[in-house]
Amino acid sequence: QVQLAESGGGLVQPGGSLRLSCAASGSLFSIYNMTWYRQAPGKPRELVATITATGSPNYADSVKGRFTISEINDADNTAYLQMNSLKPEDMAVYYCYVNGWSMTTGYLEVWGQGTLVTVSS
């Protein structure tokens, strides 16, 4: 069974920075993509950034130039979302999502528990 552990959320002032991490653990699995989503109160969940196993990133227009997703570290299946120039509208619960393949159960999709990012002065 694959599990995700997220960390790095917190309170930051507008213009500040945070770095989120997502680590996938388990056995006999490979990751296709690692993706960050976010959900603000009263709004639908939206894709923020994704990174493929081959290191190709993609970003929502709203975060391009401000957020950077790292490549997935093969040693510990961890990727980071560096968030700079944070705005109040970035405030949300951020969720890590992984899809891939498990040698025991086949195609897998896993969500993290979410980490809260608060942007406020």
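The values are calculated or read from the model by the stated rules, or taken from the named source; none is laboratory data. Owing to the predicted nature of the structure, the values given are computational and were not obtained by experimental measurement. No Cβ is skipped: glycine too gets one built from the backbone with ideal geometry, and neighbour counts run over all protein chains shown. Calculation scope for accessible area: heavy atoms of the full protein, side chains included, ligands and nucleic acids excluded. Shrake-Rupley method; radii C 1.70, N 1.55, O 1.52, S 1.80 Å.
Some notes on this structure:
- Residues being open to solvent by 30 Å² or more (accessible area, probe 1.4 Å), in contact with a strand residue (DSSP E or B) (Cβ under 8 Å, 6 or more places away or on another chain) and either in a loop (DSSP other than H, G, I, E, B) or not aromatic (F, W, Y) (or both) - total across the range 24-40: 6
- Failed condition for K43, given (1) within 20 Å of S85 (Cβ to Cβ); (2) out of contact with any Asp or Glu (no Cβ under 8 Å at 6 or more places or on another chain): (1)
- Restricting the range 75-91 to residues that are not in a loop (DSSP other than H, G, I, E, B) and not hydroxyl-bearing (S, T, Y), the residue that is most open to solvent (accessible area, probe 1.4 Å): E89
- Taken over the range 45-58, the residue count meeting the criterion of being over 11 Å from the mean Cα position of the chain (by Cα) and open to solvent by 30 Å² or more (accessible area, probe 1.4 Å) is 8.
Quick grid of which residues meet (1) closer than 17 Å to L116 by Cα; (2) in contact (Cβ under 8 Å) with a residue 24 or more places away in the chain; (3) among the aromatic types (F, W, Y):
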site: L11; (1), (2), (3): yes, yes, no
site: A23; (1), (2), (3): yes, yes, no
site: G26; (1), (2), (3): no, yes, no
site: G42; (1), (2), (3): yes, no, no
site: T54; (1), (2), (3): no, no, no
site: I69; (1), (2), (3): no, yes, no
site: T78; (1), (2), (3): no, yes, no
site: K87; (1), (2), (3): yes, yes, no
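- Residue in the range 73-101 that is farthest from Q13 (Cα to Cα), counting only those that are small (G, A, S) and modelled with pLDDT of 95 or more: G100
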